[in-house]
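Okay, structure first, notes after.
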Amino acid sequence: MSKEIKDLKNLVNTEYSLKKLFDEAEDFLPLLGTDYVELYVGNAKQAAHYYKTAFGFQSHAYAGLETGRKDTVSYVLKQGKIRLVLTSPLQKGGDVNDHINLHGDGVKVVALWVEDARSAFEETTKRGARPYMEPVVEKDEYGEVVRSGIYTYGETVHIFVERKNYNGIFLPGYEKWESHYNPEPVGLKFIDHMVGNVGWNEMNTWVKFYAEVMGFAQIISFADDDIATDYTALMSKVMSNGNGRVKFPINEPAKGKKKSQIEEYIDFYNGPGVQHIAVATDDIVATVSAMRDRGVEFLYVPETYYDDILERVGEIDEDVELLKKHGILIDRDDEGYLLQLFTNNVLDRPTMFIEVIQRKGAQSFGVGNFKALFEAIERQQARRGTL
Ligand code: FE2
């Protein structure tokens with residue numbers, strides 16, 4: 001069987017098993033995918049330069065003083081299907097400053113693309129979601145967008161975006177961002193999953209939220225003994241929407257001999273929030289090597305990780321020496337394997353990082369790598385004195 005057919009078969013199988021899972025219940029919140037991810041940051045202009053230079057994002061849209069905004073400025077970056085919005089305050093006070101003061105730079109909005117933002121708001125709030133934004137119609141010469149929003153864990157929100165009657169660059173109020181500085185993309189295609197860290201004993205509360213309020217189903221669960229090293233432990237459950245396009249693993253800390261990396265996150269972020277954004281590539285070696293050349297720091301993976309790798313994961317298409325050179329991790333499940341690597345924290349506070357992932361059939365999240373990965377993270381925690 002050719003690789004393409006195999007990949008397709010795996011994809012169909014996954015969609016089929018998810019469909020079976022959801023056939024019982026009508027999908028009251030149909031999601032077309034992730035629409036955009038918005039970070040509140042201290043200095044959006046400089047952050048945009050970093051994500052362009054290091055991660056290969058392209059200048060896409062802009063809103064600020066020049067377009068009639070008074071209090072905030074936003075830069076929209078694009079690569080593949082990923083839209084990243086970076087927003088900073090222009091004045092003292094207000095929600096954006098408060099958010100940055102408490103959390104540092106971090107993800108505020110995980111926006112979801114829907115057919116009907118009014119219905120998404122109604123269906124989720126009537127099931128208990130805390131409203132963030134009542135449905136609002138925004139218009140300009142390119143049409144109209146309807147948006148509404150609800151809170152999820154911590155101060156993070158989901159905004160539902162209905163854009164079927166809009167053909168502008170991003171949202172009403174934004175203009176095209178033309179720049180003479182356009183570094184090459186590094187091959188990031190779409191958001192594979194986004195992980196939330198929540199506090200002690202809160203994982204099941206948020207699993208229940210995604211199940212009951214948003215109609216997601218739990219597809220995977222890891223107990224603390226699956227994901228434990230000598231020092232740190234966590235528990236994780238993965239929630240998926242009906243068509244599998246939106247997947248949210250939820251982590252909570254578990255007791256270890258020393259401080260869990262999830263607890264370290266919660267301490268520095270001052271509460272629950274997005275821990276990492278996983279972005280898909282078709283060629284992880286090329287993507288990671290381009291990112292390294294541009295200054296992205298990845299988690300150090302000990303050479304010993306590769307000693308027994310083929311016994312652990314079986315035959316793979318890639319040259320192990322090349323994977324070892326770039327520190328790329330490999331894991332296998334029933335459906336295939338995956339290649340993944342995590343950046344160091346992309347902020348000064350040890351909070352958020354980025355994962356690069358290439359799936360070759362596998363639909364899981366690299367549980368076999370967690371232990372190797374955590375031992376690597378612990379070496380960094382030890383250097384920060386927070387272990
Ligand atoms: Fe991940």
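Some observations on this one:
- Overall shape of segment 246-387 was characterised from the C-alpha gyration tensor. The equivalent ellipsoid obtained from it has semi-axes of 25, 16, 16 Å, in decreasing order.
- In degrees, nearest ten, helix 117-126 long axis to first principal axis of the chain (Cα): 70
- The P(r) of segment 184-328 has a tail past 20 Å containing 60 percent of all C-alpha pairs.
- The relative contact order of the chain comes to 16 percent, based on Cα pairs under 8 Å that sit 6 or more residues apart.
- Net charge contributed by nearby residues that have their C-beta within less than 15 Å of TRP206 (K/R +1, D/E -1): +1
- Net charge contributed by nearby residues that have their C-beta within less than 11 Å of GLN380 (K/R +1, D/E -1): -1
- Cleavage-rule hits (GluC sites (Glu not before Pro)) in segment 285-362: DSSP loop, at most 11 neighbouring Cβ within 10 angstrom: GLU315
- Surface listing: GLU115, GLU162 arranged by accessible area from highest to lowest gives GLU115, GLU162, probe 1.4 Å.
- Modelled this way, with points 7 Å down the Cα-to-C-beta line, the labels at ASP140 and LYS371 are 5.3 nm from one another.
- Across the protein chains, with a 1.4 Å probe defining accessible surface, the residues ASP27, ASP71 rank ASP71, ASP27 from largest area downward.
- Positive minus negative residues near GLY173 (Lys, Arg vs Asp, Glu; Cβ under 11 Å): -1
- Full-stretch length increase - LYS176, THR386 - with 0.36 nm per residue and alpha-carbon distance subtracted: 71.3 nm
- In segment 31-176, the inverse of the mean reciprocal separation of distinct Cα atoms equals 15.7 Å; this is its Kirkwood hydrodynamic radius.
- With every protein chain in place, the chain: carbon and sulfur % of accessible area (1.4 Å): 49
- P(r) tail, the chain: Cα-Cα pairs separated by more than 37 Å, 18% of all pairs.
- Solvent-accessible area per residue for segment 31-176 (1.4 angstrom probe, square angstrom): 43
- Applying a DSSP loop filter and a limit of 16 other Cβ atoms within 10 Å to the chymotrypsin sites (Phe, Trp or Tyr not before Pro) in segment 232-341 leaves TYR300.
- Counting only alpha carbon atoms, the long axis of helix 367-384 and the longest principal axis of the chain meet at about 80°.
The values are calculated or read from the model by the stated rules, or taken from the named source; none is laboratory data. Just so we're clear, the structure is a prediction, and the values are computed from it rather than from any experiment. As a convention, Cβ positions derive from the backbone with ideal geometry for all residues, glycine included, and neighbour counts pool all protein chains shown. For accessibility, only protein heavy atoms count, side chains too; no ligands or nucleic acids. Shrake-Rupley method; radii C 1.70, N 1.55, O 1.52, S 1.80 Å.
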